[in-house]
1. Being of a type in the set (Phe, Trp, Tyr), surrounded by 14 or more Cβ atoms within 10 Å (Cβ to Cβ) and not assigned by the TED database to the domain that holds Glu56: is that true of Tyr240 here?
2. Would you be able to tell me the number of residues in segment 186-210 that are in contact with a strand residue (DSSP E or B) (Cβ under 7 Å, 6 or more places away or on another chain), part of a strand (DSSP E or B) and more than 27 Å from Leu263 (Cβ to Cβ)?
3. From the list Ala243, Ala153, Ala158, exactly one residue is in contact (Cβ under 8 Å) with a residue 12 or more places away in the chain, part of a helix (DSSP H, G or I) and in contact with a helix residue (DSSP H, G or I) (Cβ under 6 Å, 6 or more places away or on another chain). Which is it?
4. Run down Asp211, Asp186, Asp180, Asp236 and say which single residue is touching a residue at least 12 places away in the same chain (Cβ under 8 Å) and either touching a helix residue (DSSP H, G or I) at 6+ places or on another chain (Cβ under 9 Å) or of a type in the set (Lys, Arg) (or both).
5. Exactly one condition in (1) in a loop (DSSP other than H, G, I, E, B); (2) assigned by the TED database to the domain that holds Leu167 is false for Phe264; which is it?
6. In segment 81-131, what residues are within 15 Å of the chain's Cα centre (by Cα), within 16 Å of Arg61 (Cα to Cα), part of a helix (DSSP H, G or I) and aliphatic (A, V, I, L, M)?
Amino acid sequence: MTTIGVPTTATKGAAMPATTDQTSTDTHTDTDTGIYQRADVYHDFYHARGKDYRAEADAVRALIAGHAPGATSLLDVACGTGSHLRELAASFGEVVGVDLSAEMLAVAARHAPGVELHRGDMRDFRLDRTFDAVICMFSSIGYVCGRTELDRAVTNLAAHVAPDGVLIIEPWWFPDTFRDGWVGADVVTAGERRISRVSHTVRRGGTSRMDVHYVVAASGAGIEHFTDTHVMSLFDRADYERAFHAAGFRADYLRPDAAGPGLFAGVRR
């Protein structure tokens, strides 16, 4: 795991010492998440489309207050470009982010300055300390392949939760809430760029496959086109609850946003 961010105790722009990179490579073999190598496009697109990171952070903050009152530290795993971290930073004395993508972390370092960031895989990263709240948002848990890997990831996340802390996971869709054949299309303006995103999502056995096309246009750079494929596991609610239980946690399932996949909030049994 390589530390690439800026700790809160360091001078702005100073890098922390690097440690061993522990990122894993085994996952759904036909996933090709090129958008995570274009993290600037990812960040600009979702903000311009109106993804409400502030409202999502408010929901997380409320869950933490209800399950771990007095929490002062937070770890965001699969933190992406740091949008939730930025919204939550003022509420906790210590906030830390982990992500598998170096490109995403580089953007996070720009948009969430002063936040400590690490590169690592949710299944096996090690920070050698615990946090009052550990969160994993935007359905990132769905990228793990099968129930064994789900158990592995949840157990590793749980190992970073302090004794009286809370683990919050936003799942991917359940098999009975997934919409097979879903087509999405958006065009947004982000600064001087126009970004178009079209997606088609289908079910393939116990997984969903989303094919995405991006077209990015800017006056100086011209037009760029690239594609993405996301294969994600369709775990059901019982799979998540079992994974929490195997990690020594009991989990509540909540739907703060009726249009979203919900949130699991777990505390030690």
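The values are calculated or read from the model by the stated rules, or taken from the named source; none is laboratory data. Predicted model only: the values in this text are computed from it and were never measured. Please note: Cβ atoms are built from the backbone with ideal geometry, for glycine as well, and neighbour counts cover all protein chains shown.
1. no
2. 6
3. Ala243
4. Testing whether each residue is touching a residue at least 12 places away in the same chain (Cβ under 8 Å) and either touching a helix residue (DSSP H, G or I) at 6+ places or on another chain (Cβ under 9 Å) or of a type in the set (Lys, Arg) (or both) leaves just Asp186.
5. (1)
6. If the condition is that a residue be within 15 Å of the chain's Cα centre (by Cα), within 16 Å of Arg61 (Cα to Cα), part of a helix (DSSP H, G or I) and aliphatic (A, V, I, L, M), then Leu85, Leu88 are the ones that fit.
Condition check ((1) assigned by the TED database to the domain that holds Met104; (2) crowded, with 20+ Cβ neighbours inside 10 Å; (3) not β-branched (Val, Ile, Thr)) across all residues:
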position	(1), (2), (3)
Arg129	yes, no, yes
Phe138	yes, no, yes
Gly146	yes, no, yes
Leu157	yes, yes, yes
Ile168	yes, yes, no
